[in-house]
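**Student:** The structure under discussion is supplied below as structure tokens; questions concerning it will follow.
Just so you know, all these numbers are worked out from the coordinates, no wet-lab data involved. These numbers were taken from a predicted model, which means no experiment stands behind them. Here the Cβ positions follow ideal geometry from the backbone for every residue, glycine too, while neighbour counts run over all protein chains shown.
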Amino acid sequence: MGTAIGSGAQFKSPPILRHGLNGIVISHYAKIGRDCELFQNVTIAQDGPNKKAAEIGDNCSIGAGAVILAVTIGDNVKIGANAVVIKDVPSNCTVVGNPGKIV
């Protein structure tokens, strides 16, 4: 599996890829903060063409298979494996499940 990074995606610093470039999809115009780690098969989505893209804060960890829809994620957030995040997440939280819930 390869990786797809859409045009216009922005990175404050290169993300930490824990398992290489295995199946990671980052949409057009997504914004990824500093020191974020992405595990395999993560999708960071956009709400359709020419619409809002996801924004990920600094120092976030996104677990394997997680899907981040067109939402804003604060700083220091942990997203569990296979979570589907459909709502904005404030800083310093952990999200798990489908749909994602703060625990």
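**Student:** Which of 17, 38 has the fewest other C-beta atoms within 10 Å, and how do the rest follow up to the most? Before the final figure, lay out each step's value.
**Tutor:** On the way: 17 15, 38 27.
Fewest-to-most ranking of 17, 38: 17, 38.
**Student:** Would you mind computing, in nm to one decimal, how far apart the modelled labels at residue 52 and residue 91 are, each placed 7 Å from Cα along Cα→Cβ?
**Tutor:** 2.0
**Student:** Counting Lys and Arg as +1 and Asp and Glu as -1, what is the net charge of the other residues whose Cβ lies under 13 Å from the Cβ of residue 29?
**Tutor:** Combined, the nearby Lys, Arg, Asp and Glu give +1.
**Student:** Karplus couplings for the range 23-34 from phi (6.51 cos²θ - 1.76 cosθ + 1.60, θ = phi - 60°), rounded to Hz, Gly and Pro as x?
**Tutor:** With the stated coefficients, the range 23-34 comes to x, 7, 10, 10, 6, 4, 6, 4, 10, 10, x, 6 Hz.
**Student:** Which order results if 58, 88 are arranged by neighbouring Cβ count within 10 Å, fewest first? Don't skip to the answer; put the middle values down first.
**Tutor:** On the way: 58 16, 88 10.
Listing 58, 88 from fewest to most nearby Cβ atoms yields 88, 58.
**Student:** Restricting to the range 4-102, compute how many DSSP beta bridges are antiparallel as a %, nearest 5. Don't skip to the end; give the middle numbers.
**Tutor:** Working: 3 of 28 bridges.
Expressed as a percentage, antiparallel bridges in the range 4-102 total about 10.
**Student:** Exposure proxy check: 91, 61 ranked by fewest other beta carbons within 10 Å? Don't skip to the end; give the middle numbers.
**Tutor:** Values: 91 13, 61 18.
Taking fewest neighbouring Cβ atoms as first place, the list is 91, 61.
**Student:** For residue 6, what residues show an amide H to amide H distance below 5 Å, using hydrogens built from the backbone and excluding near sequence neighbours?
**Tutor:** 26, 27, 28
**Student:** May I pose another question? How many nm separate the modelled label positions at residue 98 and residue 13, each set 7 Å beyond the Cα in the direction of the Cβ?
**Tutor:** 3.2
**Student:** Right, here's the next one. Contour minus end-to-end for residue 37 and residue 64, with contour as 0.36 nm per residue of separation and end-to-end as the Cα-Cα distance?
**Tutor:** Full extension from residue 37 to residue 64 adds 8.7 nm.
**Student:** A follow-up question, please. Just to confirm a number: summing +1 for Lys and Arg and -1 for Asp and Glu over residues other than residue 52 whose beta-carbon lies under 12 angstrom from that of residue 52, what do you get?
**Tutor:** -1
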